[in-house]
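The values are calculated or read from the model by the stated rules, or taken from the named source; none is laboratory data. What you see is a predicted model; the values in this text were computed from it and never measured. Cβ sites come from the backbone with ideal geometry, for glycine too, and all protein chains shown count toward neighbours. Note: accessible area is taken over every heavy atom of the protein model, side chains too, but ligands, DNA and RNA are not part of it. Shrake-Rupley method; radii C 1.70, N 1.55, O 1.52, S 1.80 Å.
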Amino acid sequence: MEAYLKKLCFEYQVEEKEVKELLARMEMVYLDKGETIASATMPEQSLYIIVSGILHTFTTRQGEDKTVRFLSEGDAILCYNTSKHSIKTLTRCVAYYISEDEIEELCATSIMRQLMEYQFYLKEEMNVNTRKLTIRERYLSLLTEIPDILYRVPLKYITYYLGADVTSLGYLAGSRK
């Protein structure tokens, strides 16, 4: 089983067969680095399942992107019009894509309901965890989820996500055991 599929099945507690049925109804898309797939100006809702690459959910303050969450292989992301967050690729990405109309049609299936419910649960959990975890705990959690992120993503996104500066990030990286 491919790594993204294995992670998706484990993360969302769904059977491989169900995921493959869903993927058969989705379109494979190739996204360039820096491509925005969701923002306040994009009215369409859609679902992406990431096969490869790294994306981030972010807010823009004073002209700078401030990372809220990283997404990588095996993550599913529901994109919808929001004034709070946008989603952009940080590396070249390959993903499965399904549009709003097809999402509504598939919501009757158990896997689509599970993916949608998990997205809303994840947002709430992310807000709670952000307030609870130390910078070190967030750093270690991030490296567990995306081990090579330090080599693939500009440090400015990682430091904002952690709530640290570059010096602190260097210390964390050096002291990691």
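Can you tell me which condition Phe58 does not meet? The list is (1) among the hydrophobic types (A, V, I, L, M, F, W, C); (2) at pLDDT 80 or above; (3) more than 21 Å from Glu145 (Cβ to Cβ), and all the others hold.
Tallying (1) among the hydrophobic types (A, V, I, L, M, F, W, C); (2) at pLDDT 80 or above; (3) more than 21 Å from Glu145 (Cβ to Cβ), Phe58 fails exactly one: (3).
Only residues that are open to solvent by 40 Å² or more (accessible area, probe 1.4 Å) and either modelled with pLDDT of 85 or more or not aliphatic (A, V, I, L, M) (or both): list them for segment 162-177, please.
Gly163, Asp165, Thr167, Ser168, Gly170, Tyr171, Gly174, Arg176, Lys177 - these are the residues of segment 162-177 that are open to solvent by 40 Å² or more (accessible area, probe 1.4 Å) and either modelled with pLDDT of 85 or more or not aliphatic (A, V, I, L, M) (or both).
State the number of residues belonging to segment 39-77 that are open to solvent by 10 Å² or more (accessible area, probe 1.4 Å), aliphatic (A, V, I, L, M) and farther than 23 Å from Lys156 by Cβ.
2
Which pairs do you get when a residue that is farther than 22 Å from Gly34 by Cα and outside any helix (DSSP H, G or I), found in segment 157-168, comes within reach of a residue that is open to solvent by 20 Å² or more (accessible area, probe 1.4 Å) and at pLDDT 80 or above, reach meaning Cβ atoms under 8 angstrom, with the pair 6+ apart or on two chains?
Within 8 Å, the pairs are Gly163/Ile135; Gly163/Arg138; Ala164/Ile135.
Does Tyr121 satisfy being surrounded by fewer than 15 Cβ atoms within 10 Å (Cβ to Cβ), modelled with pLDDT of 85 or more and either in contact with a Cys (Cβ under 6 Å, 6 or more places away or on another chain) or assigned to a helix (DSSP H, G or I) (or both)?
no
List the number of the failed condition for Phe70; all other conditions in (1) farther than 21 Å from Leu8 by Cα; (2) part of a strand (DSSP E or B); (3) modelled with pLDDT of 85 or more hold.
It fails just one condition, (1).
Go through (1) at pLDDT below 85; (2) out of contact with any Phe, Trp or Tyr (no Cβ under 6 Å at 6 or more places or on another chain); (3) farther than 19 Å from Ser99 by Cα one by one and return the number of the condition Asp65 breaks.
Going through the list (1) at pLDDT below 85; (2) out of contact with any Phe, Trp or Tyr (no Cβ under 6 Å at 6 or more places or on another chain); (3) farther than 19 Å from Ser99 by Cα, Asp65 breaks only (2).
Name the single residue that is modelled with the highest pLDDT among those in segment 133-156 being open to solvent by less than 40 Å² (accessible area, probe 1.4 Å), part of a helix (DSSP H, G or I) and not aromatic (Phe, Trp, Tyr).
Ile149
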